[in-house]
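Presented below is the structure to which this report refers.
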Amino acid sequence: MPKETAGVTKHGSSLWKDARHRMAQNKFAMASLGVIALMILFCFVFAWFCKDPNKVNLVNKFAPFSGEHWFGTDALGRDLFARILYGGQVSILVGLIATAVSVAIGIVYGAVSGFAGGRIDAVMMRVVDTLLAIPFLVLVIVLQATLSTFSGDATNWIVESWGWDKEFTGRLTNVVPLFFALGLLGWLTLSRIVRAQVLSIKEREFVEAAVALGYSKARILFRHVVPNVLGPTIVYSTLTVPGFIMYEAILSFLGLGVESPNSSWGVLIKEGANFLETEVQLLLLPGLFFSLTLFSLNFLGDGLRDALDVKASKD
Amino acid sequence: MSLLEIKNLKTYFHTRAGTTRAVDDVSFSIDKGEIVGVVGESGSGKSVTCHTMLGLLPSPPAKVEGGAVTFDDDDELLHLSPPILRAIRGKRISMIFQDPMSCLNPYLTILDQVAEPILTHENVSREEAERRAIEMMKKVGIRDAEQRAHSHPHEFSGGMRQRAMIAMALVTNPDLLLADEPTTALDVTVQARILQILRGLRDDLGVAVLFVTHDLGVVADVADRVVVMYRGKVVEQGSVLSIFENPSHPYVKGLLACRPTFETKYRILPTVDDFLETEEAPDGSLTLRERPDAADRLAELEKQVATDEHTEALPTTEPLLEVKDLKVHFTSGGGFLGKPKETVKAVDGVDLSIPKGKTLGLVGESGCGKTTIGRAILRLVRPTSGSIRYDGANLASLNPDAMLAYRKRMQIIFQDPYASLNPRLTIEQALTEPLAVHRIGSGSSDRRDRVVSLLEEVGLSSAHLLRYPHEFSGGQRQRLCVARALAVEPEFIVCDECVSAMDVSVQAQVLNLLNELQESRSLTYLFISHDLSVVKFVSDHVAVMQAGRIVETNCAEDLYRNPKETYTQELLDAVPKADLKTLRKRSG
């Protein structure tokens, strides 16, 4: 509803601001945001003060909960708490990096396809259809394997030219191919969503007005069309973060993802499953962190969808 | 004894943002066989009143805070249990809605849908129900009802669908028909026929009709009595003739005066604000007062009566825009698998010319191609053939780069002000952008000054700079669209149905703005509209369009006085007449 102000320049509230306001009133979403923040704090800050997650101590295997080992130790006597936090780093990074890569590609690809229309659109979408027709995990495994062949060279190059610690670099180059394999293939559905949104936005009259005002195509696409498709894109991408974490876990569980001694939640769950009958906490504790994060991300995604629903803010 | 009696009805909407008094202490009644028109602008509570009666409002947020609706002397509609209310809905009180396109189920045949109310409410055989359905379809003017009854809704035109809706509403012989803007989405010629059918059915079947509309002309045409609503309250009610002849409430006076008609001689239309002062108390209650100087203000406007400039003959001077044999054909189909291509000839050989500083009105019914012409001139769609000479250059053959220079000189204002502003940009960003793209103004502070003066020119202020489009009302948004179009300092503007979605009082303000700007900036307009009265008000010359072709062109006054083509005559006849002479004749 318009309000009259007497001659005072007042900052209007943008749709983003309105959405933030609605978001702040959604208790579930805010609690989820808190859980996610806490999880990131634990895995990326608190982890530095933990024990070495890879320190093997065969004498002290399957130790019970204690002041020294909060969550006990695993089959090789490694501190489980430290391993969960370090594993969380990999899992959360997989979610974030793969999503960032896929969102970047998906938005540009979908927006260009939808905006160009005609033959270009048809060809671009057939490419997406073809890739979607091949099982996702098969593609990811092939791409990861291809990227991994370069990881040895990359390690040496980084160690030589930047002087990084060799072991740390080795662990990094071991997981990075997986991040990118997921990201480089995860944009397919997103690009279709963006394209559909662009198709409807480009029929809106403000886009025609922009054409009539002589704006360039790039300006119209990136200043007038894309910002209006970001809402649904953000919602969809928050829901893909847990998807990617899940894929990493599946691949690691199958022994194709993150390799020991690196850990990830998927690796820990796989290791824990071996001792299901005797040491159930080895499965349950990583599983708890894993599910808590996924739950929170899904709740956050739902909250964002409600907050960014354009229909609710139309008038 | 009145059939329906509404007493002190109050319906409020409780939302997080506060309470809206959508219907605030409304009382009126309808007698058997009477047509009562409820008129009001959007948000006046007219539809809410209708929906409240039948319990059709979602609650929450809606809540009936008080009042009574008595139907046929014994039923208190507001307190009936759902099953009893259902038995009344569709049997004794039925309803027709605005949009005939979305009110019919696309999966069922027309016959299934028209017969359904009978089968729901009466214990009759299917054959009997279908017989009665077909009979009713004949009554509402569906020809060959026996054969066409088995069609699906998409095979019917808009007018035919609305007839089917009416048949569906009347097939159970209800006592009362609630018609919520039933002709708003229809062309004038179709509207005229539907109104005629409604009046005929009232005479035949004795059904009472509550006719909700925003259009005073329609009310004058169809209703016996009128109830005028404004911001949730009934401001005046009485017989049609008395309301039109002798309105007492300042709002009604304003409403009647701000509507351009064929007889309007004002150069600047009066607006509701010339008559009415509103004062809103902190608790949301309203005080409406007549402006003490209303008569003076009107007299002022009357002095500026347009001289007979609309009657001058088509000038021989060089036109600014000349369109010759313009054709725009759209092809659909023809995909990968070689579906047959279909060609739609949206514009099929049109000649137009507009002299500098004048307005050409382009009228026609929906789908006649008038909008496509506007877009083709601006090269928003590619013309198939023909020439568009603008100030010497042929726009139709320019490549996109060469066209860029002309984008500065010609602009367009669209119908829907909600869709024509980017919701993510502040007003300042939206208005600065064209200046920056065309390198108008030196530096950002100069551009800011220009934007402020543009805003002031369209009646807004620098206070609005940092707002977003969704914080403005429809009329204000259309002003913003005008300001954006003016930013590049064009000399020619296409107004594409730019007041069609507005309430009359807002429409008057925007029309006045367009007129003032034409004078101060010597603009040339192509004014596209389906509304003949509005076109007559703004245009120097008028072109009538039908099925992709221009039927008749003449200067405005002559065309409306002596139409030469039968199609023009039909259009003019179909416009609801609200002049006193016609009204007196109808009231006997």
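Per residue of the stretch B:437-448, what does 6.51 cos²θ - 1.76 cosθ + 1.60 with θ = phi - 60° give for ³J(HN,Hα)? Whole Hz please, x for Gly and Pro, Karplus curve as stated.
Ordered by residue, 3J(HN,Hα) equals 4, 9, 6, 9, x, 10, x, 6, 6, 5, 5, 4 Hz.
Starting from the Kirkwood radius over alpha-carbon pairs of chain B, derive D by Stokes-Einstein at 37 °C in a medium of 0.692 mPa s and give it in µm² s⁻¹. The partial results should precede the final answer.
Details: Rh = 26.2 Å.
This corresponds to a translational diffusion coefficient of 125 µm²/s.
Can you give me the angle between helix A:188-201 and the longest principal axis of chain A, using Cα atoms only, in degrees from 0 to 90, rounded to the nearest 10?
20
So for B:ARG86, B:ARG424, A:ARG195, fewest C-beta neighbours within 10 Å to most, what's the order? Each step should come with its number before you reach the end.
Details: B:ARG86 15, B:ARG424 20, A:ARG195 23.
Neighbour counts put them in this order, fewest first: B:ARG86, B:ARG424, A:ARG195.
Cα extents of the stretch B:108-172 along the three principal axes, largest first, in whole Å?
Principal extents (largest minus smallest coordinate, Cα): 32, 18, 18 Å.
Can you give the relative contact order of the stretch B:108-172 as a percent, counting alpha carbon pairs under 8 Å and 6+ residues apart? Before the final figure, lay out each step's value.
Working: 71 pairs, mean separation 31.6, N = 65.
Worked out over the stretch B:108-172, it gives 49 percent.
Can you return the lysines within cross-link range of B:LYS345? Criterion is Cα-Cα under 18 Å, with same-chain partners fewer than 8 residues away left out.
Excluding near neighbours in sequence, the set is B:LYS324, B:LYS327, B:LYS370.
Round to the nearest 10 and give me the degree value, 0 to 90, for the angle of helix B:188-205's Cα axis relative to the longest principal axis of chain B.
Long axis of B:188-205 versus the principal axis of chain B: about 10 degrees.
Evaluate the charge dipole of the stretch B:160-234 about its Cα centre and quote only its size in Debye, nearest 20, assuming +1 on the Cβ of each Lys and Arg and -1 on the Cβ of each Asp and Glu.
On the way: 8 positive and 9 negative charges, 25 e Å.
Dipole of the stretch B:160-234, to the nearest 20 debye: 120 debye.
Compute the semi-axes of the equivalent ellipsoid of the protein assembly as shown, taking the square root of 5 times each eigenvalue of the Cα gyration tensor, and list them largest first in whole Å. Intermediate values should be presented prior to the final figure.
Values: eigenvalues 722, 268, 161 Å².
In descending order, the three semi-axes are 60, 37, 28 Å.
Can you work out the Karplus-derived ³J(HN,Hα) for every residue in the stretch A:104-119? Use 6.51 cos²θ - 1.76 cosθ + 1.60 with θ = phi - 60°, whole Hz, and x for glycine or proline.
Listing the rounded values in order: 4, 5, x, 5, 5, 4, x, 5, 5, 4, x, 6, 5, x, x, 5 Hz.
Taking amide H positions as placed in the peptide plane 1.01 Å from N, state which residues far from B:GLY361 in sequence (5 or more) or on other chains have amide H under 5 Å from it.
Placed amide hydrogens put B:PHE527, B:ASP540, B:HIS541, B:VAL542, B:ALA543 under 5 Å from B:GLY361.
Sort A:CYS43, A:CYS50, B:CYS495 by Cβ crowding within 10 Å, fewest neighbours at the top. Write out the running numbers ahead of the final one.
Details: A:CYS43 21, A:CYS50 16, B:CYS495 26.
With the fewest neighbours first, A:CYS43, A:CYS50, B:CYS495 line up as A:CYS50, A:CYS43, B:CYS495.
For the residues B:MET95, B:MET229, what sequence is obtained by ranking on other C-beta atoms within 10 Å, fewest first?
Numbers: B:MET95 22, B:MET229 27.
Ranked by crowding around the Cβ, least crowded first: B:MET95, B:MET229.
Long-range amide H contacts for B:LYS356: which residues qualify at under 5 Å (H placed 1.01 Å from N, peptide plane, sequence gap of 5 or more or a different chain)?
HN-HN under 5 Å from B:LYS356: B:LEU320.
So what are the ³J(HN,Hα) numbers for the stretch B:522-533, from phi and the Karplus equation (6.51, -1.76, 1.60; θ = phi - 60°), rounded to whole Hz, Gly and Pro as x?
For the stretch B:522-533, the Karplus-derived couplings read 6, 7, 10, 10, 10, 9, 9, 7, 9, 8, 5, 5 Hz, x marking Gly and Pro.
By what distance, in whole Å, do the Cα atoms of the stretch B:319-452 stretch along each of the three principal axes, largest value first?
Rounded to whole Å, the extents work out to 56, 40, 31 Å.
Round to the nearest 10 and give me the degree value, 0 to 90, for the angle of helix A:27-44's Cα axis relative to the longest principal axis of chain A.
50
Suppose we keep just the DSSP beta bridges with both residues in the protein assembly as shown; what percent of those would be antiparallel, to 5? Intermediate results must be reported in sequence, preceding the final value.
Details: 57 of 94 bridges.
DSSP beta bridges in the protein assembly as shown are roughly 60 percent antiparallel.
Check the straight Cα-Cα distances from B:LYS7 and name the lysines below 17 Å, setting aside those fewer than 8 residues away within the same chain.
Correct list for B:LYS7: B:LYS46, B:LYS63, B:LYS233.
Eight or more residues apart or on different chains, and alpha-carbon atoms under 21 Å: count the Lys pairs in chain A matching that.
15
Sorted by packing (mean other beta-carbon atoms within 10 Å per residue), highest first, where do B:436-444, B:67-75 land? Walk me through the numbers before you get to the answer.
Working: B:436-444: 13.0, B:67-75: 15.8.
Those peptides, ordered most packed to least, come out B:67-75, B:436-444.
How fast does chain A diffuse by Stokes-Einstein, in µm²/s, taking the Kirkwood radius from C-alpha pairs at 10 °C and 1.306 mPa s?
Values: Rh = 22.2 Å.
Once the numbers are plugged in, D ends up at 72 µm²/s.
FYI, it's all coordinate maths here, none of it is from the lab. In this text the structure is predicted, and so the values were computed from the model without any measurement. Neighbour counts run over all protein chains shown; Cβ positions are idealised from the backbone, glycine included.
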